[in-house]
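Below is one structure; the comments refer to it alone.
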């Protein structure tokens, strides 16, 4: 039994909602994957905030029709398509998909769309090589901590240097006073 029109409209509405929250959409060829393998892919993607949707290309085409930033995806809608809709951490999502792809060797990345631009497989790979949000935050925090430490040492050094200079002048005056007395 096929889907009813009402059911299809619900699917399209769900796709539109998910796309509105997404920053990146990847299209993969998933033919040959078992239900267990699709479940494994979804399990790997879940911690990254990515949703894996398996739907007909025509329904995705309807969902992106009025959304300019997703229009380039229409070029990728052919064959058996699964859509990885990434909300935030696209680097971790791409790495999770690449790990799955290495393990299963059954999927093929067709491309993706980000900010209204069509991404080829090499572009997606480059995005996956970027550090994750947590790694970037740790690097920034480390740099700020290092800078703060250097400033604190520098500020602390000024009074110490002044005290040493005053001590040297004082010692010099005592030494010249003693030599004058002799």
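Quick notes
- Subset of the range 100-135 that is closer than 16 Å to residue 41 by Cα and surrounded by fewer than 12 Cβ atoms within 10 Å (Cβ to Cβ) - its residue that is nearest to the chain's Cα centre (by Cα): 102
- So residue 60, is it within 21 Å of residue 13 (Cβ to Cβ), assigned to a helix (DSSP H, G or I), in contact with a strand residue (DSSP E or B) (Cβ under 6 Å, 6 or more places away or on another chain) and at pLDDT 85 or above: no
- Candidate set from the range 42-55 (those that are out of contact with any strand residue (DSSP E or B) (no Cβ under 6 Å at 6 or more places or on another chain) and in contact (Cβ under 8 Å) with a residue 24 or more places away in the chain); member that is nearest to residue 85 (Cα to Cα): 49
- Every residue from the range 106-122 that is in contact with a strand residue (DSSP E or B) (Cβ under 6 Å, 6 or more places away or on another chain) and over 23 Å from residue 67 (Cα atoms): 107, 108
- Scanning the range 63-78 for residues that are loosely packed, with under 13 Cβ neighbours inside 10 Å and in contact with a strand residue (DSSP E or B) (Cβ under 9 Å, 6 or more places away or on another chain) returns 75, 78.
- Filtered by the rule that a residue be more than 24 Å from the chain's Cα centre (by Cα), surrounded by fewer than 17 Cβ atoms within 10 Å (Cβ to Cβ) and not in a helix (DSSP H, G or I), the range 22-57 gives 31, 32, 34, 55, 56.
The values are calculated or read from the model by the stated rules, or taken from the named source; none is laboratory data. Here the structure is a predicted model, which means the values were calculated and not measured. Don't worry about glycine lacking a Cβ; one is built from the backbone with ideal geometry, like all the others, and counts go over all protein chains shown.
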